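The values are calculated or read from the model by the stated rules, or taken from the named source; none is laboratory data. All figures in this text were calculated on a predicted structure; none of them were measured in a lab. A quick note on method: Cβ atoms are made from the backbone with ideal geometry, for glycine too, and the neighbour counts reach across all protein chains shown. To get the accessible areas, we keep the full protein, side chains included, count just its heavy atoms, and leave off ligands, DNA and RNA. Shrake-Rupley method; radii C 1.70, N 1.55, O 1.52, S 1.80 Å.
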Amino acid sequence: MNGTASTSAMVLMANSGWRVTHVADFNGDGRADLAVTNTNSNTVSVLLRRPTNDGFDAQAPIAVSVAPIGIAAADFDRDGHPDLAVGANGNAVEILRGNASGGFTRDQPIALGGAPGAQQVGCGPSSQPLRLVVGHLPSAVSCSRV
């Protein structure tokens, strides 16, 4: 299966109501990895690209709060490892802090004024923290430091 996910990874995503995918190099090996929201199982799956470039290896799913519906990646804590911001249908965004091996640690959810619909990460000067811009349903926007 050159260039595709392994069979077990595809079953994981298909059975979990995967909804949104984000591409980044989560483990620092120079290859594009995937992060996928799984709405039905309230998890995020990270699929790391194999060194042989013939597929992906699924990591253990990361539990998040209710129905993850959006995802964005950036180095929020500026430690050199991509982090994930996961928008949950429970009116919150959760930050998953990345580490060098492509694993993540879950922070406390950031409460929002409404259900997130879309999110984007914005950068300011290097001396300032990143900002997360979240679109709320039906028509509001918030901007938060992470």
Enumeration of residues in the stretch 37-71 that are surrounded by 20 or more Cβ atoms within 10 Å (Cβ to Cβ) and free of Cβ contacts under 8 Å to residues at least 24 places away in the same chain: R49
Of all residues making up the stretch 22-40, the number that are more than 14 Å from the chain's Cα centre (by Cα), modelled with pLDDT of 90 or more and within 18 Å of G87 (Cβ to Cβ): 0
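Let's see how each residue does on (1) at pLDDT 80 or above; (2) of a type outside the set (V, I, T); (3) under 18 Å from T39 (Cβ atoms):
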| residue | (1), (2), (3) |
| --- | --- |
| P61 | yes, yes, yes |
| G70 | yes, yes, yes |
| F76 | yes, yes, no |
| D79 | yes, yes, no |
| P82 | yes, yes, no |
| S101 | yes, yes, no |
| P125 | no, yes, no |
| L132 | no, yes, no |
If I ask for residues that are in a strand (DSSP E or B), at pLDDT 75 or above and open to solvent by 70 Å² or more (accessible area, probe 1.4 Å), which ones from the stretch 106-123 would you list? R106, A111
By residue number, the members of the stretch 72-105 that are open to solvent by 20 Å² or more (accessible area, probe 1.4 Å) and more than 18 Å from A24 (Cα to Cα) are N89, G90, N91
